[in-house]
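Written out below as structure tokens is the structure these notes cover.
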Amino acid sequence: MRITKYTHSCVRLEHDGGVLVIDPGTWSEPRALVGADAVLVSHEHTDHIDVLRLAGLGVPVFAPEGAVLPDLAPLPVTRVRAGDRFTAAGLEVTAVGGRHATIHGGQPDCANLGYLVGDDVYHPGDSLHPPGRPIRTLLVPAQASWLKLTEAVDFAVAAEAERVVAIHDAQLNERGLASVNGWFGETVPGYRYLTPGETL
């Protein structure tokens with residue numbers, strides 16, 4: 001499976017001619033969606049979904065049941081919940097998790113799903129919910145108002161994935177990114193940082 005990282009939490013997966021894009025938010029590049037066959041959205045926050053862009057795209061969009069999205073009639077949204085299995089862009093997907101990680105004082109709290117694509121890639125959205133099975137590639141949030149770096153490192157180590165790639169990193173400056181990469185690189189086997197547009 002070809003994995004291309006875009007800004008923040010947006011990731012493009014290509015396999016057997018199918019193109020699946022996860023969390024193309026307002027901070028990610030529009031080119032991530034070129035040729036997309038389907039889109040997975042982990043939750044309703046705009047850094048993970050750009051509803052206007054998706055409405056114009058015209059491909060199936062999968063989002064959590066209970067996610068509050070603007071009412072855009074042309075947007076073909078299929079609502080999913082934790083435990084659901086479905087096919088998107090020719091790839092088998094399992095939804096896991098259920099809620100966004102707590103930011104402060106329990107707020108904001110919204111529906112959040114992680115997506116396990118085959119047994120190959122796991123994108124947790126804004127949570128550290130474990131994938132529940134062995135995986136090849138873990139996409140790990142690197143920085144957020146709801147996250148401590150030690151929690152992210154522990155999450156990545158516990159997953160025992162062959163490859164670990166940082167996502168949710170758009171608010172890091174160069175010094176912060178160097179620190180995060182240092183900690184992950186020294187602690188997490190198989191860690192790799194991808195710049196936006198880089199592929200593995």
The number of residues in region 7-39 that are part of a loop (DSSP other than H, G, I, E, B) and within 18 Å of Ala166 (Cα to Cα) is 10
Please determine, by comparing only the residues of region 172-186 that are surrounded by fewer than 16 Cβ atoms within 10 Å (Cβ to Cβ) and not hydrophobic (A, V, I, L, M, F, W, C), which one is nearest to Gln143 (Cα to Cα).
Gly176
Go through region 78-90 and give me each residue that's surrounded by fewer than 17 Cβ atoms within 10 Å (Cβ to Cβ) and in contact (Cβ under 8 Å) with a residue 12 or more places away in the chain.
Thr78, Arg79, Arg81, Gly83, Phe86, Gly90
So which residues in region 124-146 are among the charged types (D, E, K, R) and within 15 Å of Cys10 (Cβ to Cβ)?
Asp126
Among the residues of region 172-182, are any touching a Leu at 6+ places or on another chain (Cβ under 8 Å) and of a type in the set (A, V, I, L, M, F, W, C)?
yes
What tally of residues in region 140-195 results from selecting those that are small (Gly, Ala, Ser) and not in a helix (DSSP H, G or I)?
7
How many residues of region 1-24 are of a type outside the set (S, T, N, Q), touching a Lys or Arg at 6+ places or on another chain (Cβ under 9 Å) and at pLDDT 95 or above? The answer is 14
Does region 97-105 include one or more residues that are modelled with pLDDT of 95 or more and surrounded by 22 or more Cβ atoms within 10 Å (Cβ to Cβ)?
no
For region 1-37, give me each residue that is acidic (Asp, Glu) and either more than 10 Å from the chain's Cα centre (by Cα) or surrounded by fewer than 18 Cβ atoms within 10 Å (Cβ to Cβ) (or both).
Glu14, Asp16, Glu29, Asp37
Under 6 Å by Cβ, and 6 or more places apart or on different chains, what pairs join a residue from region 138-161 that is closer than 16 Å to Gly114 by Cβ with one that is of a type in the set (Phe, Trp, Tyr) and modelled with pLDDT of 95 or more?
Leu138/Tyr122
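The values are calculated or read from the model by the stated rules, or taken from the named source; none is laboratory data. Because the structure is a prediction, the values reported are computed rather than measured. Quick reminder, even Gly has a Cβ in these numbers, built from the backbone with ideal geometry, and neighbours come from all protein chains shown.
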